[in-house]
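Here is the structure we will look at, set down as structure tokens.
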Amino acid sequence: MRIGLYGGAFNPVHCEHVRVAQAAVEALQLDKLIIIPTHISPHKRGDIMARGHERREMCERAFSCIPCAEVSGTELKRKGVSYSYVTCRHFKEKYPDDELFFIMGADMLECFADWKEPEEILKCVTLAVAGREGEKDLGGIIEAFRERFPGNEVMQVGYTGSKVSSTRVRVLAALGEDLGDLVPEKVNKYINRHNVYLMPNVASCRQYIKEKRWKHSVRVAILAAENCRRLGIFEEDAVIAGGLHDCAKYTSLDSPDLKGFVCPPDVPEPVLHQFTGAYMAEHVFGITDENILDAIRYHTSGREDMSPLEKLLFLADMLEEGRDFEGVEHLREVFKQDLDRCLYESLKQQVAYLQSTGKPVYPLTERAYEYIKEKYEQ
């Protein structure tokens, strides 16, 4: 038999996962496709995770459209961190006379050399790779693999998928948003019925702000969440901060929700909502984590010596995909490469704009700029 192994967090499984599987079955002429949800993915710690049985159930529903597919609980039962070399060895022992293919995306092939025991994996399986829209040239990635692991072939699935991330789906689900056609219908129903990922306190922020502002907050949360892993930030913290950062945008100072709030002196109107927002996040929405509250408290002005989460929210608020100002595309490219450089350039641009219009620069913003300027230029 020709057997495909398709592992992943599937947190949650989305439509592109299914399409890759369908393409692999056809391209590799598979007799069997084994779907293997991980227990804990080595490179995805810190993500908001659905429970193992929920992810397995979603996989059962999503891949039911592929007749030869079956979902295995091998890694879920083993518990601990899920390493592919252990799983590949397990299935090679179970199917010693069959041809095994390990299905992955181009991004995984590119970093394959950094996996635990990659040579052991290659003793058990042949790698099969699918590309994804907007990623690096697949041919170049395969050639680099061959140079690193001579004598090992890579099969191409022949499918280039759309850029859909499980992170985006999780954020939308956490904030109670419609998942549309990002996930199979059966998975969508399961997520909604069981409130998988939902953060009810954060999602309730929608009642306090205008719909346009809420959509902005959702986009901020998505951009922040998509950059958590590289910055060592917990995804849940980023989603909470992004979802609630503008929660007090339209709340007047005489509102019962701000009873007890003490306003700092000389706060300009455009900056006020960051302070009232932090107060409401704590007293209305029940957030107690000081790092999250500080990220909300300084998301407009910035301040000197910001934490990684504060920097991330400040920049996500400025650069989310709905923003359109001169220089935003350049800043987005810098953001992908160097957070501090992006913060430096963003604050520099903000201060220059305020000065050019004759508007005063809020002291916190001025100090934030001087601090990051000195740090970055050193």
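The values are calculated or read from the model by the stated rules, or taken from the named source; none is laboratory data. Keep in mind that this is a model prediction, so the values were computed, not measured. Quick reminder, even Gly has a Cβ in these numbers, built from the backbone with ideal geometry, and neighbours come from all protein chains shown. Keep in mind that these areas ignore ligands, DNA and RNA; they rest on the heavy atoms of the full protein, side chains included. Shrake-Rupley method; radii C 1.70, N 1.55, O 1.52, S 1.80 Å.
Amide H to amide H distances under 5 Å link F101 with I3, G4, L5, T126, where only residues 5 or more positions off or on other chains count and H is placed in the peptide plane. Extents of the chain, taken as max minus min of Cα coordinates on every principal axis and listed largest first, are 76, 47, 32 Å. Here the label points at K373 and V328, each 7 Å from Cα along the C-beta direction, are separated by 2.6 nm in the simple model. Taking all protein chains together and rolling a 1.4 Å probe, T160 ends up with roughly 100 Å² accessible.
Its alpha carbons give the range 186-288 an Rg and a Dmax of 15.1, 53 Å. Spin-label pair K210-L354: with each label point 7 Å from Cα along the Cα-Cβ axis, the two points sit 2.3 nm from one another. Stretched out straight at 0.36 nm per residue, the stretch from R19 to R341 would grow longer than its current Cα-Cα span by 112.1 nm.
Would the range 221-359 count as rounded, prolate or oblate if I go by the C-alpha gyration tensor, calling it rounded below 1.5 in a/c and otherwise prolate when a/b exceeds b/c, oblate otherwise? Please list the in-between numbers first.
Values: a/c = 2.06, a/b = 1.26, b/c = 1.63.
Oblate, because a/c is 1.5 or more while a/b does not exceed b/c.
Under a Gaussian network description of the chain, with springs only between Cα atoms under 10 Å, the residue in G80, G140, G302 that fluctuates furthest is G140. Based on the convex hull around the alpha carbon atoms, the range 299-378 presents an average projected area of 5.1 nm². Placing a label point 7 Å from the Cα of T126 along the Cα-to-Cβ line, the residues of the range 1-15 whose backbone N sits under 19 Å from it are 1-7.
Which of rounded, prolate, oblate describes the range 65-108, given a ≥ b ≥ c as roots of the alpha-carbon gyration tensor eigenvalues and a/c under 1.5 marking rounded, otherwise prolate only if a/b is larger than b/c? Because its axes are fairly even, with a/c under 1.5, the range 65-108 counts as rounded. Taking every alpha-carbon pair within the range 65-168, the share separated by more than 17 Å comes to 59 percent.
Multiply the residue gap between T288 and R51 by 0.36 nm, knock off their C-alpha separation, and tell me the result in nm, one decimal place.
Full extension of this stretch gives 82.9 nm more.
When each of the peptides 310-322, 83-95, 65-77 is scored by the mean number of other C-beta atoms lying within 10 Å of its residues, the order from highest to lowest reads 310-322, 83-95, 65-77. Ordered from longest to shortest, the equivalent ellipsoid semi-axes for the range 102-228 are 38, 15, 13 Å, each the square root of 5 times a Cα gyration tensor eigenvalue. Ordered from largest to smallest accessible area (heavy atoms of protein chains, 1.4 Å probe), the residues M104, M49 come out as M49, M104.
In terms of accessible area, using a 1.4 Å probe and ignoring ligands and nucleic acids, F325, F101 rank largest first as F325, F101. When H17, H43 are compared by accessible area of protein heavy atoms, the largest-first order is H43, H17, using a 1.4 Å probe. Can you pull out the GluC sites (Glu not before Pro) in the range 105-134 that DSSP calls coil and that have at most 12 other Cβ atoms within 10 Å? Those that pass, being in a loop and sparsely packed, are E133.
Only protein heavy atoms count here; on that basis, with a 1.4 Å probe, R78 has an accessible area of about 90 Å². With the simple spin-label model, which puts each label point 7 Å out from Cα in the Cβ direction, the N195 to D98 separation comes to 4.1 nm. Over the C-alpha trace of the range 1-121, radius of gyration and Dmax come out as 13.6, 39 angstrom.
In this structure, the amide hydrogen of V71, modeled 1.01 Å from its nitrogen in the peptide plane, lies closer than 5 angstrom to those of I35, counting only residues at least 5 positions away or on a different chain. Amide hydrogen proximity for M155: with H placed 1.01 Å from N in the peptide plane, the residues at 5 or more positions away or on another chain lying under 5 Å are L127, A128, V129.
The smallest convex shape that holds all Cα atoms of the range 318-365, its convex hull, gives 81 Å³ per residue.
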